[in-house]
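*Asks:* Got a structure for you, questions after.
Derivation of every value follows stated rules applied to the coordinates shown; laboratory data play no part. From a predicted model like this one, the values you see are computed outputs, not experimental measurements. Here the Cβ positions follow ideal geometry from the backbone for every residue, glycine too, while neighbour counts run over all protein chains shown.
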Amino acid sequence: MSTLDDYLLFLQSKGFFFKEDTIGFIYFGKALTNAPDELSMAAIECTLKIQKSFDGSFYVSLLEMFVNNNVKTKRQAFHFIRNNELFPL
């Protein structure tokens with residue numbers, strides 16, 4: 001996926017439907033943390049895998065953690081979570 005918009009459409013095609021306020025919150029969190037699309041997509045994927053549904057505060061916390069630890073890619077995000085034993089993935 002190249003953009004966050006594309007990723008959200010991909011998730012929708014797989015059965016993950018987000019309400020308009022949730023999509024707004026996703027973009028709010030991205031802007032708040034100044035995260036690139038790839039990192040936002042990684043945080044959404046991690047949130048869905050760990051929480052089994054979308055949790056906005058969890059998503060923003062992940063984004064903040066990634067940004068504060070200079071994580072740049074999806075691969076680095078999953079590596080960071082595993083290395084720090086934050087959550088089972």
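*Asks:* Let's see if you can work this out: charge +1 on each Lys and Arg Cβ, -1 on each Asp and Glu Cβ, no other charges. What is the dipole magnitude of the chain about its Cα centre, in debye to the nearest 20?
*Replies:* On the way: 9 positive and 10 negative charges, 60 e Å.
I would put it at about 300 debye.
*Asks:* Just want the ordering: TYR7, TYR27, from fewest to most Cβ atoms lying within 10 Å of their own Cβ.
*Replies:* Least crowded to most crowded, the residues run TYR27, TYR7.
*Asks:* For each of MET65, MET41, count neighbouring Cβ atoms within 10 Å of the residue's Cβ, then give the residues from fewest to most. Show your work: numbers first, answer last.
*Replies:* Details: MET65 17, MET41 24.
With the fewest neighbours first, MET65, MET41 line up as MET65, MET41.
*Asks:* Here is a follow-up. Run the reach check for LYS72 against lysines, Cα to Cα strictly under 16 Å, same-chain hits fewer than 8 apart removed. What comes back?
*Replies:* Once the sequence-local lysines are set aside, what remains near LYS72 is LYS30.
*Asks:* Using R₀ = 30 Å, calculate the FRET efficiency as 1/(1 + (r/R₀)^6) where r is the Cβ-Cβ separation of PHE17 and ASP37; round to 0.05.
*Replies:* Efficiency for this residue pair is about 0.90.
*Asks:* So for the pair LEU9, THR73, with labels modelled 7 Å out along Cα→Cβ, what separation do we get in nm?
*Replies:* 2.5
*Asks:* Another question, then. Treating cross-link reach as a plain straight distance, find the aspartates and glutamates whose alpha-carbon is under 13 Å from the alpha-carbon of LYS14, omitting any fewer than eight places away in the same chain.
*Replies:* ASP6, GLU45
*Asks:* Provide VAL67, VAL60 in ascending order of the number of other Cβ atoms located within 10 Å of each residue's Cβ, fewest first.
*Replies:* Ranked by crowding around the Cβ, least crowded first: VAL67, VAL60.
*Asks:* Next up: Of (1) 14, 36, 20, 10, 8, 8, 4, 0; (2) 18, 56, 25, 1; (3) 16, 53, 28, 3, which is the value of P(r) over Cα pairs in 10 Å bins from 0, in percent derived from the coordinates here?
*Replies:* Only one listed value fits the structure, namely (2).
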